[in-house]
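Taking it in order: structure first as structure tokens, then the write-up.
The values are calculated or read from the model by the stated rules, or taken from the named source; none is laboratory data. Not measured: the values here are computed from a predicted model. Heads up, the Cβs are rebuilt from the backbone with ideal geometry, glycines too, and the neighbour counts pull from every protein chain shown. Accessible surface is based on the protein model in full, side chains and every heavy atom, while ligands, DNA and RNA are left aside. Shrake-Rupley method; radii C 1.70, N 1.55, O 1.52, S 1.80 Å.
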Amino acid sequence: MTETLLGPALGGDDYKRALAVHAAGVVVITARSGGVPVGLTATSFSSVSLDPPLVSFYVDQASTTWPSLRAADHFAVNVLASDQADLAARFARKGIDRFAEPTRWRPGPLGAPLLEDVSAHLICLPYERVGVGDHVLVVGLVTRAEVRAQGRPLLYHQGRFGRFIAHS
């Protein structure tokens, strides 16, 4: 247990419960490593910098996908649309071929898999990787972006995928 000026650090269950009230956008990070497509779902995606154009996400150091993703020379961020909860769940599962049917994808300009029907694709080069707690902060330099649809985003909230509804 970590001690702070306020006493012991918050326990894992209380921490998860508090963060569950925060809605997060959902992306799938994809790459090709050793000729094999790899990917994972991330809800920690964020814009970092405009100049240079940088984005980030976190990945669990224990992720079985991380070693292949780390070895890739570039990666794609696939921004999911509100009707793609099944795709997000598929890329969050372990022990399956995430790129088999019904997943629809094509190779991107540098070879990273681009998922079909997503809201946007960002092609990134690795820029920085930093171990932070039990995760790795991955920062990517965006070299290309393609907005595919202006629809509603897929969100993750209270342990479930959902849709954004704008106020009138």
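Worth a mention:
- The Rg/Rh ratio for the chain is 0.98, where Rg is the radius of gyration of the alpha carbons and Rh is the Kirkwood radius.
- Amide H contacts under 5 Å for residue 44: 58, restricted to partners 5 or more places along the chain or on a different chain, H placed in the peptide plane at 1.01 Å from N.
- Taking the Cα centre of the chain as origin and assigning +1 to Lys and Arg Cβ atoms and -1 to Asp and Glu Cβ atoms, the resulting dipole is close to 340 debye.
- Taking amide H atoms as placed 1.01 Å from N in the peptide plane, the amide H of residue 114 lies under 5 Å from those of 106, 108, each 5 or more residues away in sequence or on another chain.
- The residues of the chain present an accessible area of 60 Å² per residue when probed at 1.4 Å with all protein chains retained.
- A simple rule links phi to the HN-Hα coupling: the Karplus curve 6.51 cos²θ - 1.76 cosθ + 1.60 with θ = phi - 60°, which for segment 22-35 gives 8, 7, 10, x, 10, 10, 10, 8, 10, 7, 10, 10, x, x Hz, with x for Gly and Pro.
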